[in-house]
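Each remark here refers to the structure printed beneath this line.
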Amino acid sequence: MNVIYEEAINSVKSETAGCIGSDDLKQQVASPCVHRVLRRILELRRYPEFARLLWWRTYVPWRVRSKGVAASSTVSYFGMPVVSIAGGSSIVIGPNCSLCSVSDYTALGVNHPVVLRTLRSRARITIGSDTGISGGVICAANEVVIGSNVLLGANVTIVDTDFHATAPGGRRYNDDPGVVGSVPITIGDNVFVGMGAIILKGVTIGANSVIGAGSVISRDIPPNSIAAGNPARVIKTLSEG
Ligand SMILES: CC(C)(COP(=O)(O)OP(=O)(O)OC[C@H]1O[C@@H](n2cnc3c(N)ncnc32)[C@H](O)[C@@H]1OP(=O)(O)O)[C@@H](O)C(=O)NCCC(=O)NCCS
(Lines give C-alpha, C1' and ligand atoms only; values in the text may rest on other atoms or scores of the structure.)
Protein backbone atom coordinates (compact mmCIF):
# COMPACT_ATOMS: atom_id res chain seq x y z
CA MET A 1 0.00 0.00 0.00
CA ASN A 2 2.87 2.30 0.88
CA VAL A 3 4.45 1.71 -2.52
CA ILE A 4 1.30 2.80 -4.30
CA TYR A 5 0.96 5.81 -2.03
CA GLU A 6 4.58 6.83 -2.59
CA GLU A 7 4.18 6.31 -6.33
CA ALA A 8 1.16 8.61 -6.31
CA ILE A 9 3.02 11.26 -4.26
CA ASN A 10 6.07 11.05 -6.55
CA SER A 11 3.97 11.44 -9.65
CA VAL A 12 2.30 14.49 -8.12
CA LYS A 13 5.73 15.91 -7.22
CA SER A 14 7.02 15.37 -10.75
CA GLU A 15 3.91 16.98 -12.22
CA THR A 16 4.20 20.06 -9.99
CA ALA A 17 7.96 20.33 -10.48
CA GLY A 18 7.46 22.14 -13.79
CA CYS A 19 5.07 24.71 -12.30
CA ILE A 20 7.57 27.02 -10.64
CA GLY A 21 8.21 30.30 -12.36
CA SER A 22 7.15 33.96 -12.43
CA ASP A 23 3.73 34.88 -11.02
CA ASP A 24 2.30 35.43 -14.51
CA LEU A 25 3.64 32.20 -15.72
CA LYS A 26 2.28 30.54 -12.58
CA GLN A 27 -1.15 32.00 -13.34
CA GLN A 28 -0.99 30.69 -16.90
CA VAL A 29 0.20 27.24 -16.08
CA ALA A 30 -1.51 26.74 -12.71
CA SER A 31 -4.80 25.64 -14.11
CA PRO A 32 -3.58 23.00 -16.59
CA CYS A 33 -1.02 21.93 -14.03
CA VAL A 34 -3.69 21.42 -11.38
CA HIS A 35 -5.75 19.52 -13.93
CA ARG A 36 -2.81 17.31 -14.77
CA VAL A 37 -2.18 16.60 -11.08
CA LEU A 38 -5.83 15.86 -10.40
CA ARG A 39 -5.98 13.65 -13.45
CA ARG A 40 -2.99 11.68 -12.19
CA ILE A 41 -4.41 11.38 -8.69
CA LEU A 42 -7.71 10.16 -10.04
CA GLU A 43 -6.06 7.81 -12.52
CA LEU A 44 -8.16 4.72 -12.16
CA ARG A 45 -5.52 2.11 -12.79
CA ARG A 46 -4.13 2.66 -9.30
CA TYR A 47 -7.35 1.91 -7.50
CA PRO A 48 -7.95 -1.79 -8.19
CA GLU A 49 -4.59 -2.60 -6.54
CA PHE A 50 -5.36 -0.32 -3.62
CA ALA A 51 -8.80 -1.84 -3.18
CA ARG A 52 -7.41 -5.35 -3.47
CA LEU A 53 -4.86 -4.82 -0.69
CA LEU A 54 -7.48 -3.21 1.52
CA TRP A 55 -9.84 -6.13 0.88
CA TRP A 56 -7.19 -8.70 1.81
CA ARG A 57 -6.33 -6.92 5.05
CA THR A 58 -9.88 -6.30 6.20
CA TYR A 59 -12.58 -8.47 4.66
CA VAL A 60 -10.57 -11.67 4.04
CA PRO A 61 -9.33 -12.14 7.66
CA TRP A 62 -12.85 -11.47 8.88
CA ARG A 63 -14.35 -13.93 6.38
CA VAL A 64 -11.84 -16.66 7.26
CA ARG A 65 -12.57 -16.25 10.97
CA SER A 66 -16.31 -16.10 10.34
CA LYS A 67 -16.04 -19.59 8.85
CA GLY A 68 -14.72 -20.83 12.19
CA VAL A 69 -10.96 -20.72 11.64
CA ALA A 70 -9.00 -19.75 14.75
CA ALA A 71 -6.55 -17.57 12.86
CA SER A 72 -4.14 -15.20 14.52
CA SER A 73 -4.75 -11.52 13.75
CA THR A 74 -1.22 -11.34 12.30
CA VAL A 75 -1.85 -13.84 9.49
CA SER A 76 -1.27 -12.26 6.05
CA TYR A 77 -3.63 -13.16 3.24
CA PHE A 78 -2.95 -12.60 -0.43
CA GLY A 79 -6.29 -13.45 -1.98
CA MET A 80 -9.13 -15.41 -0.48
CA PRO A 81 -8.31 -18.97 0.59
CA VAL A 82 -10.89 -21.72 0.14
CA VAL A 83 -11.92 -22.78 3.64
CA SER A 84 -14.42 -25.36 4.73
CA ILE A 85 -14.79 -26.82 8.18
CA ALA A 86 -16.82 -29.91 9.03
CA GLY A 87 -19.01 -29.50 12.13
CA GLY A 88 -17.07 -30.28 15.29
CA SER A 89 -13.65 -29.97 13.63
CA SER A 90 -11.09 -27.17 13.85
CA ILE A 91 -8.52 -25.18 11.93
CA VAL A 92 -5.92 -23.13 13.80
CA ILE A 93 -3.45 -20.77 12.10
CA GLY A 94 -0.63 -19.33 14.18
CA PRO A 95 0.86 -15.81 14.20
CA ASN A 96 2.69 -14.36 11.22
CA CYS A 97 1.68 -17.08 8.80
CA SER A 98 1.23 -16.12 5.18
CA LEU A 99 -1.39 -17.63 2.86
CA CYS A 100 -0.88 -16.75 -0.78
CA SER A 101 -3.79 -17.56 -3.08
CA VAL A 102 -2.93 -15.39 -6.09
CA SER A 103 -0.10 -15.71 -8.58
CA ASP A 104 0.97 -12.03 -8.51
CA TYR A 105 2.36 -12.38 -5.02
CA THR A 106 4.53 -15.47 -5.29
CA ALA A 107 7.43 -16.11 -7.65
CA LEU A 108 6.19 -19.44 -8.99
CA GLY A 109 2.52 -18.56 -9.25
CA VAL A 110 -0.22 -20.74 -7.84
CA ASN A 111 -2.47 -23.27 -9.56
CA HIS A 112 -5.38 -22.41 -7.27
CA PRO A 113 -6.08 -20.58 -3.99
CA VAL A 114 -4.89 -22.06 -0.70
CA VAL A 115 -7.36 -24.78 0.33
CA LEU A 116 -7.91 -25.60 4.01
CA ARG A 117 -10.53 -28.25 4.55
CA THR A 118 -11.55 -30.51 7.40
CA LEU A 119 -13.64 -33.44 6.24
CA ARG A 120 -14.96 -35.03 9.40
CA SER A 121 -16.02 -34.00 12.90
CA ARG A 122 -13.05 -33.95 15.27
CA ALA A 123 -10.63 -33.48 12.36
CA ARG A 124 -7.96 -30.89 13.05
CA ILE A 125 -5.59 -28.73 11.04
CA THR A 126 -3.02 -26.88 13.11
CA ILE A 127 -0.49 -24.54 11.53
CA GLY A 128 2.28 -23.09 13.69
CA SER A 129 3.69 -19.59 13.57
CA ASP A 130 5.65 -18.01 10.68
CA THR A 131 4.62 -20.65 8.20
CA GLY A 132 4.19 -19.77 4.53
CA ILE A 133 1.77 -21.46 2.12
CA SER A 134 1.43 -20.65 -1.59
CA GLY A 135 -1.51 -22.28 -3.34
CA GLY A 136 -1.25 -25.33 -1.09
CA VAL A 137 -3.98 -27.81 -0.23
CA ILE A 138 -4.36 -29.13 3.31
CA CYS A 139 -7.18 -31.61 3.82
CA ALA A 140 -7.75 -33.41 7.10
CA ALA A 141 -10.17 -36.18 7.89
CA ASN A 142 -8.11 -36.95 10.97
CA GLU A 143 -5.29 -34.52 11.83
CA VAL A 144 -2.66 -32.47 10.04
CA VAL A 145 -0.14 -30.67 12.24
CA ILE A 146 2.29 -28.26 10.59
CA GLY A 147 5.02 -26.79 12.74
CA SER A 148 6.49 -23.30 12.89
CA ASN A 149 8.76 -21.68 10.29
CA VAL A 150 7.60 -24.19 7.71
CA LEU A 151 7.84 -23.33 4.02
CA LEU A 152 5.28 -25.02 1.81
CA GLY A 153 6.40 -24.36 -1.76
CA ALA A 154 3.93 -23.55 -4.51
CA ASN A 155 1.08 -26.00 -5.00
CA VAL A 156 1.97 -28.54 -2.31
CA THR A 157 -0.77 -31.05 -1.41
CA ILE A 158 -1.14 -32.52 2.08
CA VAL A 159 -3.95 -35.02 2.61
CA ASP A 160 -4.29 -37.38 5.55
CA THR A 161 -6.94 -39.55 3.90
CA ASP A 162 -7.43 -41.64 0.78
CA PHE A 163 -10.93 -40.12 0.31
CA HIS A 164 -12.16 -43.45 -1.11
CA ALA A 165 -11.82 -47.04 0.01
CA THR A 166 -9.21 -49.19 -1.68
CA ALA A 167 -11.66 -52.13 -1.52
CA PRO A 168 -13.62 -51.92 -4.80
CA GLY A 169 -17.10 -52.86 -3.50
CA GLY A 170 -19.27 -49.73 -3.30
CA ARG A 171 -16.21 -47.51 -3.51
CA ARG A 172 -18.02 -44.66 -5.21
CA TYR A 173 -20.35 -44.00 -2.27
CA ASN A 174 -18.63 -45.61 0.68
CA ASP A 175 -17.05 -42.95 2.86
CA ASP A 176 -17.23 -45.02 6.05
CA PRO A 177 -14.20 -43.98 8.16
CA GLY A 178 -13.75 -47.65 8.99
CA VAL A 179 -12.86 -48.48 5.38
CA VAL A 180 -11.39 -45.21 4.07
CA GLY A 181 -7.79 -44.97 5.21
CA SER A 182 -7.01 -41.86 7.26
CA VAL A 183 -3.92 -41.38 9.44
CA PRO A 184 -2.54 -38.13 10.94
CA ILE A 185 0.29 -36.20 9.30
CA THR A 186 2.92 -34.23 11.21
CA ILE A 187 5.35 -31.79 9.63
CA GLY A 188 8.06 -30.63 12.00
CA ASP A 189 9.36 -27.13 12.61
CA ASN A 190 11.51 -25.52 9.95
CA VAL A 191 10.66 -28.02 7.22
CA PHE A 192 10.91 -26.86 3.59
CA VAL A 193 8.58 -28.67 1.19
CA GLY A 194 9.45 -28.15 -2.48
CA MET A 195 6.91 -27.09 -5.08
CA GLY A 196 4.27 -29.57 -6.14
CA ALA A 197 5.14 -32.19 -3.52
CA ILE A 198 2.41 -34.53 -2.33
CA ILE A 199 2.34 -35.65 1.30
CA LEU A 200 0.16 -38.67 1.99
CA LYS A 201 -1.55 -40.07 5.09
CA GLY A 202 0.41 -41.18 8.10
CA VAL A 203 3.62 -39.33 7.25
CA THR A 204 5.82 -37.56 9.78
CA ILE A 205 8.50 -35.25 8.43
CA GLY A 206 11.16 -34.48 11.02
CA ALA A 207 12.27 -30.95 11.89
CA ASN A 208 14.55 -29.06 9.47
CA SER A 209 14.11 -31.54 6.62
CA VAL A 210 13.78 -30.60 2.95
CA ILE A 211 11.43 -32.31 0.51
CA GLY A 212 12.33 -32.19 -3.18
CA ALA A 213 10.09 -30.61 -5.77
CA GLY A 214 7.40 -32.93 -7.09
CA SER A 215 8.14 -35.63 -4.54
CA VAL A 216 5.52 -38.06 -3.26
CA ILE A 217 5.98 -38.69 0.45
CA SER A 218 4.35 -41.88 1.63
CA ARG A 219 6.73 -42.85 4.47
CA ASP A 220 8.28 -40.95 7.38
CA ILE A 221 11.25 -38.70 6.72
CA PRO A 222 13.69 -38.29 9.62
CA PRO A 223 14.74 -34.86 10.90
CA ASN A 224 17.61 -33.01 9.20
CA SER A 225 17.26 -34.91 5.93
CA ILE A 226 16.79 -34.07 2.28
CA ALA A 227 14.32 -36.47 0.69
CA ALA A 228 13.13 -36.56 -2.89
CA GLY A 229 11.54 -38.68 -5.57
CA ASN A 230 8.50 -40.87 -5.98
CA PRO A 231 8.32 -42.52 -3.55
CA ALA A 232 10.59 -40.11 -1.70
CA ARG A 233 13.85 -41.44 -0.30
CA VAL A 234 16.43 -39.69 1.84
CA ILE A 235 19.16 -38.45 -0.50
CA LYS A 236 21.21 -36.41 1.95
CA THR A 237 21.57 -35.67 5.64
CA LEU A 238 21.85 -32.11 6.83
CA SER A 239 24.29 -31.12 9.50
CA GLU A 240 22.35 -29.60 12.40
CA GLY A 241 22.42 -25.86 12.99
C1 LIG B 1 15.55 -31.30 -2.96
C2 LIG B 1 16.57 -30.28 -3.42
C3 LIG B 1 16.51 -29.05 -2.48
C4 LIG B 1 17.93 -30.98 -3.32
O5 LIG B 1 18.92 -30.13 -3.77
P6 LIG B 1 20.47 -30.64 -3.65
O7 LIG B 1 20.78 -30.90 -2.24
O8 LIG B 1 21.28 -29.60 -4.34
O9 LIG B 1 20.44 -32.05 -4.41
P10 LIG B 1 21.19 -32.46 -5.75
O11 LIG B 1 20.78 -31.55 -6.85
O12 LIG B 1 22.66 -32.60 -5.41
O13 LIG B 1 20.57 -33.88 -6.05
C14 LIG B 1 20.94 -35.04 -5.32
C15 LIG B 1 20.24 -36.24 -5.94
O16 LIG B 1 18.83 -36.13 -5.70
C17 LIG B 1 18.10 -36.12 -6.93
N18 LIG B 1 17.03 -35.14 -6.79
C19 LIG B 1 17.15 -33.83 -6.42
N20 LIG B 1 15.94 -33.26 -6.37
C21 LIG B 1 15.06 -34.20 -6.74
C22 LIG B 1 13.65 -34.19 -6.88
N23 LIG B 1 12.93 -33.09 -6.63
N24 LIG B 1 13.04 -35.34 -7.25
C25 LIG B 1 13.76 -36.46 -7.49
N26 LIG B 1 15.11 -36.53 -7.36
C27 LIG B 1 15.75 -35.41 -6.99
C28 LIG B 1 19.11 -35.69 -7.96
O29 LIG B 1 18.76 -36.16 -9.25
C30 LIG B 1 20.38 -36.32 -7.45
O31 LIG B 1 20.35 -37.70 -7.78
P32 LIG B 1 21.73 -38.49 -8.14
O33 LIG B 1 22.58 -38.40 -6.89
O34 LIG B 1 21.25 -39.85 -8.45
O35 LIG B 1 22.32 -37.75 -9.28
C36 LIG B 1 16.31 -29.74 -4.83
O37 LIG B 1 16.63 -30.73 -5.80
C38 LIG B 1 14.86 -29.35 -5.08
O39 LIG B 1 13.94 -30.16 -5.30
N40 LIG B 1 14.67 -28.00 -5.11
C41 LIG B 1 13.41 -27.43 -5.41
C42 LIG B 1 12.95 -26.61 -4.23
C43 LIG B 1 11.64 -25.92 -4.52
O44 LIG B 1 10.65 -26.54 -4.87
N45 LIG B 1 11.62 -24.60 -4.35
C46 LIG B 1 10.47 -23.80 -4.61
C47 LIG B 1 9.80 -23.38 -3.37
S48 LIG B 1 8.37 -22.36 -3.71
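The values are calculated or read from the model by the stated rules, or taken from the named source; none is laboratory data. Computed from a prediction, not measured in an experiment: that's the story for all the values here. We place every Cβ from the backbone using ideal geometry, glycine too, and count neighbours over all the protein chains shown.
Do we have ILE187 as at pLDDT 95 or above, farther than 18 Å from ILE133 by Cα and either more than 8 Å from the ligand (Cβ to nearest atom) or surrounded by 17 or more Cβ atoms within 10 Å (Cβ to Cβ) (or both) here?
no
Within region 205-221, is there a residue that is surrounded by fewer than 19 Cβ atoms within 10 Å (Cβ to Cβ) and over 24 Å from the mean Cα position of the chain (by Cα)?
Yes, some residue in region 205-221 is surrounded by fewer than 19 Cβ atoms within 10 Å (Cβ to Cβ) and over 24 Å from the mean Cα position of the chain (by Cα).
Condition check ((1) closer than 20 Å to THR157 by Cα; (2) within 16 Å of the ligand (Cβ to nearest atom); (3) part of a helix (DSSP H, G or I)) across all residues:
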residue: ARG39; (1), (2), (3): no, no, yes
residue: PHE50; (1), (2), (3): no, no, yes
residue: LEU54; (1), (2), (3): no, no, yes
residue: THR58; (1), (2), (3): no, no, yes
residue: GLY68; (1), (2), (3): no, no, no
residue: THR74; (1), (2), (3): no, no, no
residue: ILE91; (1), (2), (3): yes, no, no
residue: ASN96; (1), (2), (3): no, no, no
residue: ASN111; (1), (2), (3): yes, yes, no
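If we keep just the residues of region 222-241 that are of a type outside the set (A, V, I, L, M), near the ligand (Cβ under 10 Å from one of its atoms) and not in a loop (DSSP other than H, G, I, E, B), which is surrounded by the fewest Cβ atoms within 10 Å (Cβ to Cβ)?
LYS236
Inspect region 95-112 for any residue being buried (at least 22 other Cβ atoms within 10 Å of the Cβ) and over 17 Å from PRO81 (Cβ atoms) and give the result as yes or no.
Looking for residues that are buried (at least 22 other Cβ atoms within 10 Å of the Cβ) and over 17 Å from PRO81 (Cβ atoms), one finds none in region 95-112, hence no.
Mind counting the residues in region 206-221 that are in a strand (DSSP E or B) and away from the ligand (no atom under 13 Å from the Cβ)?
Total meeting the criteria: 0.
Look at ASP162 and say whether it is out of contact with any Lys or Arg (no Cβ under 9 Å at 6 or more places or on another chain) and either away from the ligand (no atom under 16 Å from the Cβ) or not charged (D, E, K, R) (or both).
So ASP162 does not fit the description; no.
Could you list, in sequence order, the residues of region 124-165 that are closer than 14 Å to HIS112 by Cβ and either without any contact (Cβ under 8 Å) to a residue 40 or more places away in the chain or in a loop (DSSP other than H, G, I, E, B) (or both)?
Within region 124-165, ILE133, SER134, GLY135, GLY136, VAL137, ILE138, CYS139, ALA154, ASN155, VAL156 meet the criteria.
Looking for something surrounded by 10 or more Cβ atoms within 10 Å (Cβ to Cβ), at pLDDT below 50 and out of contact with any Gly (no Cβ under 6 Å at 6 or more places or on another chain) - is there at least one such residue anywhere in region 27-39?
yes
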